[in-house]
Amino acid sequence: MAPKLNELIDSAPWREAVTYRETWPHEYVMSETDGQGKLLKAICERFRAGEGVDGRFFSKPNTYLFIGEYKYWLMTYWDEVKPGVNYVINRARLYRDRRDFVIQRGDSGKPEDYPVTPAYDDHNP
């Protein structure tokens with residue numbers, strides 16, 4: 001029997017993304033280097049099933065998967081993932097506000113830096 005997504009998430013060797021420690025805290029694993037091909041496949045299957053939520057990281061569109069207290073995303077668009085390639089799988093604790101969907105200029109991940117103007121996108125400035 002294939003492991004469940006939660007089991008894959010719990011067994012992954014998540015580590016802090018130190019480059020963004022002070023600006024946008026999150027964790028990551030590598031699909032190949034860390035032996036997380038099954039996790040990558042399971043996340044992509046969820047995206048294919050329509051469970052992903054469209055969002056933006058500044059000007060870049062992204063798709064997020066919400067599971068438990070975290071949101072998950074890839075550095076590559078999920079529909080372009082190829083077997084055997086080393087991909088970054090990211091996760092961040094949920095903020096439970098608009099930053100879970102749209103990251104905009106002025107956001108840093110710190111509560112005190114939450115922008116006072118509403119989030120916008122390229123189609124609705």
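Please list the non-local residues whose amide H lies under 5 Å from the amide H of Arg56, H modeled 1.01 Å from N, same-chain partners needing a gap of 5 or more. Residues meeting the criterion, in which the H sits 1.01 Å from N, are Asn62, Val102, Ile103.
Listed by chain and number, the lysines placed with their C-alpha closer than 23 angstrom to that of Lys4 are Lys38, Lys41, Lys71, Lys82; residues fewer than eight positions away on the same chain are left out. Temperature 4 °C, viscosity 1.567 mPa s: under these conditions the Stokes-Einstein estimate for segment 26-90, based on its Kirkwood radius over C-alpha pairs, is 108 µm² per second. Between Arg93 and Phe57, the contour length at 0.36 nm per residue exceeds the alpha carbon distance by 11.4 nm.
Accessible surface ranking for Tyr70, Tyr20, 1.4 angstrom probe, highest first: Tyr20, Tyr70.
3J(HN,Hα) couplings calculated from phi for segment 39-44 with the Karplus curve 6.51 cos²θ - 1.76 cosθ + 1.60 (θ = phi - 60°) are, in sequence order, 5, 4, 4, 5, 5, 4 Hz; Gly and Pro show x. Database remark: amide H of His26 closer than 5 angstrom to the amide H of Ala17 (H placed geometrically; neighbours at sequence offset of 5 or more, or on other chains; Pro and chain starts carry no H). Amide hydrogen proximity for Tyr70: with H placed 1.01 Å from N in the peptide plane, the residues at 5 or more positions away or on another chain lying under 5 Å are Leu94.
The values are calculated or read from the model by the stated rules, or taken from the named source; none is laboratory data. Bear in mind that the values here come from a model prediction, so they are computed numbers and not experimental data. For the accessible areas, the whole protein counts, side chains as well, though only heavy atoms, and no ligand, DNA or RNA atoms are used. Shrake-Rupley method; radii C 1.70, N 1.55, O 1.52, S 1.80 Å.
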